[in-house]
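**Student:** Supplied in structure tokens, the structure appears directly below.
The values are calculated or read from the model by the stated rules, or taken from the named source; none is laboratory data. Nothing here was measured: the structure is a model prediction, and the numbers come from that model. Methodologically, a virtual Cβ is constructed for each residue, glycine included, from the backbone with ideal geometry; neighbour enumeration extends over all protein chains shown.
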Amino acid sequence: MPNYTIIFKNKPEFKDRLMTRVFSKSTKLKFATDLASTNWSDIYNYQDANDACNAFSTRICKLFENNFPLTKLSRARLGDKKWITFGLRKSSPP
């Protein structure tokens, strides 16, 4: 009689890629432009300082999230070490 063996292969668990924000010159410039073009007059009209602070904080956070969204790190950059600068990468052999 034939014997059959069932082999269960566990799929390797892939780590979720890290999330990061891109702070390039263009995104910083866009953030500064958005800050400058925002109408802040309604915040001055609050009678309560806590309400004004909360409205200000909310508006800044929304602008920050819009201009610097979280993006997944590419697989190529996942293994990069923070202390290795562009100059070191460029000068070292592949």
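**Student:** Show the residue pairs meeting these rules: Cβ distance below 7 Å; 6+ apart or different chains; first residue within the range 26-55 and under 21 Å from P69 (Cα atoms); second residue in a helix (DSSP H, G or I) and of a type in the set (S, T, N, Q).
**Tutor:** T27/N67; K30/N67; F31/N67; D34/N67
**Student:** Now for a separate question. When only residues in the range 20-44 that are aliphatic (A, V, I, L, M) and out of contact with any Lys or Arg (no Cβ under 8 Å at 6 or more places or on another chain) count, which is surrounded by the fewest Cβ atoms within 10 Å (Cβ to Cβ)?
**Tutor:** Quick first cut of the range 20-44, residues aliphatic (A, V, I, L, M) only: 22, 29, 32, 35-36, 43.
Then keep just the ones that are out of contact with any Lys or Arg (no Cβ under 8 Å at 6 or more places or on another chain); that gives 22, 29, 32, 35-36.
On the way: V22: 12, L29: 11, A32: 11, L35: 14, A36: 7.
If we take residues in the range 20-44 being aliphatic (A, V, I, L, M) and out of contact with any Lys or Arg (no Cβ under 8 Å at 6 or more places or on another chain), then A36 is surrounded by the fewest Cβ atoms within 10 Å (Cβ to Cβ).
**Student:** Residue check: is N66 surrounded by 10 or more Cβ atoms within 10 Å (Cβ to Cβ), on the phi < 0 side of the Ramachandran plot and in contact with an Asp or Glu (Cβ under 8 Å, 6 or more places away or on another chain)? Break it down into steps so the answer makes sense when it comes.
**Tutor:** Working: surrounded by 10 or more Cβ atoms within 10 Å (Cβ to Cβ): yes; on the phi < 0 side of the Ramachandran plot: yes; in contact with an Asp or Glu (Cβ under 8 Å, 6 or more places away or on another chain): yes.
The answer is yes for N66.
**Student:** What is the one condition in (1) surrounded by fewer than 10 Cβ atoms within 10 Å (Cβ to Cβ); (2) at pLDDT below 85 that Q47 does not satisfy?
**Tutor:** (2)
**Student:** Okay, moving on. At pLDDT below 95, in contact with a Ser or Thr (Cβ under 7 Å, 6 or more places away or on another chain) and not aliphatic (A, V, I, L, M): is that true of T20 in this structure?
**Tutor:** Values: at pLDDT below 95: yes; in contact with a Ser or Thr (Cβ under 7 Å, 6 or more places away or on another chain): yes; not aliphatic (A, V, I, L, M): yes.
Against the criterion (at pLDDT below 95, in contact with a Ser or Thr (Cβ under 7 Å, 6 or more places away or on another chain) and not aliphatic (A, V, I, L, M)), T20 qualifies.
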